[in-house]
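**Q** Here you go, one structure.
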Amino acid sequence: ATFVDHPQVAEAVTALQNQSAVALLGSPGCGRRTTGTVLLARRGVVVNRVVLDAEDLGRQLDITPGHGYLLDLDENRDQLTPKTGVWIGRLVAQLRSMNSCLVVRAHDRSWRALGLSDDALHITHLTSPAARPVFRRHLAAVTSETVAEDWEQREPIGHHLAGAAPPDGVRMARIVAKTIAARISLDQQLDQVISEYTNWAERLTTWFQDTTGPEHGYKRALLLAADALEGA
């Protein structure tokens, strides 16, 4: 319900159909895990997530016929070795023989450490979808298409999502979904959403400028502390 199609999805679908396996490479936040889950779900298989540890490399994965497996190498970067590459190559052969399939999720820069040959499994390099359609899909999933379209068209929303990463679109959608439940005007809702999305930076700056004079020393110290702890 929240998936935004990548330009490369069709290529990955074909690879999964023809070879039973595909590797999704890209930077964190570009949607590799979501894309992998969608690819397997569209194949009509049960989706299983696999995270390797050192002991797994000495044995075969317990495969169920007709299932799909999402192998997450981002969680175990210390396993990105030729030994893991050999294990993955054997896993692909095992899956093909059992009418199952595999999607591997990894970083672009670390994939070569596996030492896999180019024909071992197809590689699809994913690019990040724009944050704005990600925002709309996530908001529509928890509200409605009408509400999502209305919020997407608001200028401040488009301004703050321009050039943002997909996870920022998800975060904005969650803030909107929470805020629209409040019994305040639409303008107040929008102000609340933007303030929270920007971590209250503008609001804190305004409050700080309004607390001049020695009688506001404690309040100014409190605002400085809030700014220093941003992200914590």
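**Q** (1) open to solvent by 30 Å² or more (accessible area, probe 1.4 Å); (2) over 17 Å from I123 (Cα atoms): which one isn't true of S27, the others all being true?
**A** Going through the list (1) open to solvent by 30 Å² or more (accessible area, probe 1.4 Å); (2) over 17 Å from I123 (Cα atoms), S27 breaks only (2).
**Q** Report yes if P214 is of a type outside the set (F, W, Y) and either touching a residue at least 12 places away in the same chain (Cβ under 8 Å) or closer than 30 Å to T81 by Cα (or both), otherwise no.
**A** Spelling it out, it is not the case that P214 is of a type outside the set (F, W, Y) and either touching a residue at least 12 places away in the same chain (Cβ under 8 Å) or closer than 30 Å to T81 by Cα (or both).
**Q** (1) open to solvent by less than 40 Å² (accessible area, probe 1.4 Å); (2) within 23 Å of A10 (Cα to Cα): which one isn't true of D119, the others all being true?
**A** (1)
**Q** Further question: Pull out all pairs, ordered by first then second residue, where Cβ-Cβ is under 9 Å, the residues are six or more apart or on different chains, the first lies in the stretch 182-207 and is more than 19 Å from E155 (Cβ to Cβ), and the second is aliphatic (A, V, I, L, M) and surrounded by 12 or more Cβ atoms within 10 Å (Cβ to Cβ).
**A** Sorted first by the residue in the stretch 182-207, then by its partner, the pairs are W200/A226; L204/L223; L204/A226; T205/L223; W207/L223.
**Q** Would the stretch 64-81 turn up any residue that is in a loop (DSSP other than H, G, I, E, B), among the hydroxyl-bearing types (S, T, Y) and closer than 24 Å to P28 by Cβ?
**A** Yes: the stretch 64-81 contains one or more residues that are in a loop (DSSP other than H, G, I, E, B), among the hydroxyl-bearing types (S, T, Y) and closer than 24 Å to P28 by Cβ.
**Q** Read through the list (1) open to solvent by less than 50 Å² (accessible area, probe 1.4 Å); (2) over 29 Å from G26 (Cα atoms), then give the number of the only condition that T198 fails.
**A** T198 satisfies every listed condition except (2).
**Q** Considering only the stretch 86-106, state which residues are in contact with a Pro (Cβ under 8 Å, 6 or more places away or on another chain) and within 15 Å of V22 (Cα to Cα).
**A** N99, S100
**Q** So, one more: Which number in (1) touching a Leu at 6+ places or on another chain (Cβ under 8 Å); (2) surrounded by fewer than 18 Cβ atoms within 10 Å (Cβ to Cβ); (3) modelled with pLDDT under 90 marks the one condition that E55 misses?
**A** The single condition E55 does not satisfy is (1).
**Q** Is it the case that some residue within the stretch 128-143 is at pLDDT below 95 and among the aromatic types (F, W, Y)?
**A** Within the stretch 128-143, not a single residue is at pLDDT below 95 and among the aromatic types (F, W, Y).
**Q** Taking L40 as meeting all but one of (1) touching a residue at least 60 places away in the same chain (Cβ under 8 Å); (2) open to solvent by 10 Å² or more (accessible area, probe 1.4 Å), write down the number of the exception.
**A** Looking at each condition in turn, L40 falls short on (2).
The values are calculated or read from the model by the stated rules, or taken from the named source; none is laboratory data. All of these numbers come straight from a predicted model, not from anything done at the bench. Positions of Cβ are backbone-derived with ideal geometry, glycine not excepted, and every protein chain shown enters the neighbour counts. Please note that ligands, DNA and RNA were not included when accessible areas were found on the heavy atoms of the full protein model with its side chains. Shrake-Rupley method; radii C 1.70, N 1.55, O 1.52, S 1.80 Å.
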